[in-house]
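Read the structure below first, then the notes.
The values are calculated or read from the model by the stated rules, or taken from the named source; none is laboratory data. Predicted model only: the values in this text are computed from it and were never measured. Ideal geometry is used to build each Cβ from the backbone, glycine not excepted, and the neighbour counts take in all protein chains shown.
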Amino acid sequence: MKRIEKRFYEIPANQPGFSLIEVMIALAVFSIVALALAAQATHTTNTNAAARRLTTAAITASNQVEHLFPYAHMYNDTRLADGIHTEAMDHTITTESGYTIAYEVRTNDALPRTKSVQVTVTWTEKGGMQRQTRFNYLIPEII
């Protein structure tokens, strides 16, 4: 019967390499960096989503004012009457995207024959928090 010998490979003390503690420290540093990058990626994604919603709100407000400009030659039109208006000019904006629009028209005393329009766009975030932003425009009377 053959005798099975166990052979152990011995590493000489002067041979270069990494010790177990060095490998563990490197893994710990790598893990900390990976977690920081993952947190940053999550924050960036949330910030981009918020920026997209704010940009959509700005476009919505701009579209509302663009729908009002054709009535500038009819300065006394009800759509440009002083007061708060909650009827959106473009209904697809409010029904499809979840944004609501209100705009307030005021006769501008500082600039003759102009109206100040403040458009308020409101939307609800995923967590249920309601957000709004306001944009101010001047609409001149077109003669």
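Return the pairs, sorted by first residue and then second, in which the second residue is of a type in the set (Phe, Trp, Tyr) and surrounded by fewer than 20 Cβ atoms within 10 Å (Cβ to Cβ), the first residue lies in the range 51-66 and is over 17 Å from residue 87 (Cα atoms), the beta carbons are less than 9 Å apart, and the residues are 6+ apart or on different chains. Sorted first by the residue in the range 51-66, then by its partner, the pairs are 53/123; 56/123; 58/135. For the range 10-19, the criterion of being part of a helix (DSSP H, G or I) and at pLDDT 75 or above is satisfied by no residue at all. Residue 142 fulfils the conditions (1) within 25 Å of the chain's Cα centre (by Cα); (2) at pLDDT below 80 except for a single criterion, (1). Among residues of the range 33-77 being surrounded by 11 or more Cβ atoms within 10 Å (Cβ to Cβ) and among the hydroxyl-bearing types (Ser, Thr, Tyr), the one that is farthest from residue 125 (Cα to Cα) is 75.
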